[in-house]
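Okay, structure first, notes after.
The values are calculated or read from the model by the stated rules, or taken from the named source; none is laboratory data. Since the model is a prediction, treat every value here as computed from it, not as a measurement. For neighbour counting, all protein chains shown are included, and Cβ atoms are generated from backbone atoms with ideal geometry for every residue, glycine included. Only protein heavy atoms, including side chains, enter the accessible area calculation; ligands, DNA and RNA are left aside. Shrake-Rupley method; radii C 1.70, N 1.55, O 1.52, S 1.80 Å.
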Amino acid sequence: MSFLAHPANSQGRPHLLHEHLRGVGALARQFGQAGNSQLGTLAEWAGLLHDLGKYREEFQQYLCGQRNSSHETHHAVYGAALAFKHKKLTLAFAIAAHHAGLHDAEKLRELVHDARYDFTCLPTLQQRFEAEVGNLDLSFSDPDFARDKLRLEMLTRMIFSALVDADFLDTEAHFQLQPRATFQLEADQMLQQLLAEKNARAKDGELNALRNRIFQRCLDAAEKPPGFFSLTVPTGGGKTLAAMAFALRHAQLHGLRRVIVVIPYLSIIEQNAAQYRRIFDPENKGIVTEHHSAVKVEEDTNEERPRTRSPLEYAAENWDAPIIVTTSVQFIESLFAARTSRCRKLHNIARSVVIFDEVQTLPTHLLNPLLNVLRELQRTYGVSFVFSTATQPAFRKSNSVTEGFTTNEITEITRDTEATFQQLRRVRYHFTSPVQTMSWATLAQQMTEQPQSLCVVNIRRHAFELWNELHRLLPEDERDSLFHLSSWMCAQHRFDLLGDDKALEADTIRARLKRGAPCRVVSTQLIEAGVDVDFPLVYRALAPLDSIVQAAGRCNREGRLTDEHGQPALGKVTLFTPENNTLPPGVYRTATSITSTLLQQISAEQLATDHQLFERYFTQLFAYTDPDAKDIQALRNGFNFRTVAQEARVISDDTRPVIVPYRDAPNIIADIRDKGRDSFTRTDLRRLQRYIVNLHTRDFLLLQGLGQINELFPNWEMYVLAEGFYDRQFGVILNQRSEEDFIL
């Protein structure tokens, strides 16, 4: 009997089971070996045994259409039961999960002892395996850290990731008849490309000399062994290119495989990914992968139903490119995920350089479990981390931050941080007592009196209200100078409004700023971290201290302001408390309260020049918040993978992703629908991700109830917003509409 893994492909060739097991085993070993040899061995055995249950006649009959699906045709549990019998728990977890996702420990125990399954057939399955594949020997020794449950939990995740990615790729190659194109990190060549870009930007003057020094120090620090590094440089110091220089040189010297840039906001991803692509991947071959898709792949967790994977699952990213630019949400939640599509990328973090851009935005409520995982990735899987920011948080070990860093565990790259901050000072702060409030009408009047200004507020409703006041006050011939930015606009929309700094369209924000034309921008906090804009005047609603300083980085960024005598001048940053002030709940509100108290104790001069304020601020913040608010470490100790995935959310708000009808999106949607759901690929997912907005579930359900949200394909968890509910000024519009729009 010829045992099959999958049905015939388009050329009529069936996928033989022994070929599939060998193929997945070899790929999984290759993926695991990149981390360390023990992971390679375990991943290979997970690959060899993952479909052991397909040697049962019941499954073969199902595959040939002779039997309906039931618990008798379920196959993953048999390889898991065999591994469990041999006390290889990491393998048992990974194999049992390769379709349904990682289980909690109690669920795994139930599965491998479930009376519905005929485990008396295991000797027969082993015989068939050995006849076709080779000797089944699980007598290899456990890892030397097997008694450390947290390290073992992470090892299980790595095995699972290598197995799932290998299984996806081998199956995909069978049906699509060709493997995916991949690229290796060519660190030597890419470093030369980066140096050429830096030299092309070179200008005379003190600022460029300072940026060159920072760049060179990054190259020098890259010679140190893999570990933890901090790059503490104020806005305007050239952190983006300098951090990449460190990463490429570090990878070159220590044989690391890729660079992963983790960014908190989509607005910076759009900018940085475009910059990296222009330098390293001008033909867009896939050398730089921009990954921020919020599409949630709803995987079938029914243990009894052998099934064909959704094209959405095969389209999931696996981070096999040399440079990955991704979000904090994607990166952090992948470390704690349970589903196959979210976990398949995890093994590719091994032996990488990970740059945390704007590291101060890491979620406080997950800080202890996150730091624990980062330390394990560094220690066991050869990852180097760079914490890059102008507002360096105090991740020091303390009574609250129990997983924090000890003295000298993090290497500071810049060394002369205080002098660097003094040299890069660009602004003067103005603030009064937090109890003194300002109305939108007063603020709008002040902004109209200046041709260029930026105001950053805390919530979308405030941005909308201030924009309306400005629109009312501005003369009609100046209303095109008014811009609105918020998270209810898709990534492409925000990018189009900001403008590409290398191809400045006439009416974009960057183009107007560059030529001195009127430009007033009202934005939520997404603009304040890393977006390259340069205003002479910035208003910031009272917020966490790091947010205030980051917003100030959008003021006089390039140091071009001069006074009436032509001498260098400082930009103006005004802090204010809005009337009827509303703040996002949780840590944001707590951090703002701490900041309010701190501002009453310091001068405006200190805020502009004393970078050590951030250590004081973050120490207080971590003391007032719980760095493991959901008890993730205890859950991890109990190997409760699925519960960890549910609890370890970066953003607690319940949101749903929606494809919005902006610019090219309708044509892309039509093209995808014309091809059909079975032809959906990773390329399609990448095309769509720039047109996705996350809506709160209550808003999603309201729009869906109005018939304004529909599925991309029937019974698919991808949704498309109707034309009438996306506005070229505000993005998704809901509360801003008149009641007549909701009359059906």
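Check each of the chymotrypsin sites (Phe, Trp or Tyr not before Pro) in the range 529-633 and keep only those in coil by DSSP with at most 14 other C-beta atoms within 10 angstrom; list them in order. In loop regions of the range 529-633 (DSSP not H, G, I, E or B), there are no sparsely surrounded chymotrypsin sites (Phe, Trp or Tyr not before Pro). Computed from the C-beta positions of Asn68 and Phe140 and an R0 of 30 Å, the FRET efficiency is 0.15 to the nearest 0.05. For the range 225-248 versus the range 98-173, the inter-centroid distance based on Cα atoms is 40 Å.
Bridging of Lys675 to lysines at a Cα separation below 26 Å is possible for Lys285, Lys296, once same-chain residues fewer than 8 apart are set aside.
Comparing Leu125, Gly586, Thr432 along the charge dipole axis of the chain, the residue lying farthest to the positive side is Leu125, per the Cβ-charge model.
A helix-only calculation puts the chain at -13000 deg cm²/dmol for mean residue ellipticity at 222 nm, using -39500 (n - 2.57) for each DSSP H run of at least four residues, averaged over all residues. With both residues required to sit in the chain, DSSP beta bridges show an antiparallel share near 20%. Counting every pair of alpha carbons in the range 472-599, the share spaced more than 24 Å apart comes to 36 percent.
Modelled spin labels at Lys285 and Ala8, positioned 7 Å past Cα toward Cβ, are 3.7 nm from each other.
At full extension, Glu723 and Leu473 could sit 87.0 nm farther apart than now, given 0.36 nm per residue minus the alpha carbon distance.
Given R₀ = 51 Å, what would the calculated FRET efficiency be for Leu598 paired with Lys87, taking r from the Cβ atoms and rounding to 0.05? Once rounded, the FRET efficiency stands at 0.40. Counting only protein heavy atoms and a probe of 1.4 Å, the accessible surface of the chain is 46% carbon and sulfur. Spacing of the modelled spin labels on Ala623 and Thr437, each 7 Å from Cα toward Cβ, amounts to 3.1 nm. Here's the picture: charge each Lys and Arg Cβ at +1 and each Asp and Glu Cβ at -1 in the range 520-678, and of Ile548, Ile651, Gly571 the one pushed furthest to the positive end of that dipole is Ile651. The Rg/Rh ratio for the range 596-744, using Cα coordinates for both the radius of gyration and the Kirkwood hydrodynamic radius, is 1.13. In terms of Cα to Cα distance under 20 Å, which lysines are near enough to Lys514, apart from those fewer than 8 places away along the same chain? Within reach: Lys203, Lys502, Lys572. I'd like the FRET efficiency for Asn399 and Thr683, computed as 1/(1 + (r/R0)^6) with the beta carbon distance as r and R0 of 45 Å, rounded to 0.05. About 0.35, to the nearest 0.05. From the residues Ala273, Phe495, Gly53, which one has its Cα farthest along the dipole of the chain in the positive direction, the dipole being from +1 and -1 charges on Cβ of Lys/Arg and Asp/Glu about the Cα centre? In the chain, that residue is Ala273.
Solvent exposure of the range 30-184 amounts to 41 Å² per residue of accessible area, where only protein heavy atoms count and the probe is 1.4 Å. Loop-located trypsin sites (Lys or Arg not before Pro) in the range 143-200 (DSSP state other than H, G, I, E, B) with a sparse environment of at most 11 neighbouring Cβ atoms within 10 Å: Arg147. For Ala181 and Ala115, the difference between the fully extended length at 0.36 nm per residue and the C-alpha to C-alpha distance is 19.3 nm. Simple point charges give the picture: +1 on the Cβ of Lys and Arg, -1 on the Cβ of Asp and Glu, and for the range 92-230 a dipole about the Cα centre of about 740 debye.
Taken along its principal axes, the alpha carbon cloud of the range 1-141 reaches lengths of 41, 37, 27 Å, longest axis first.
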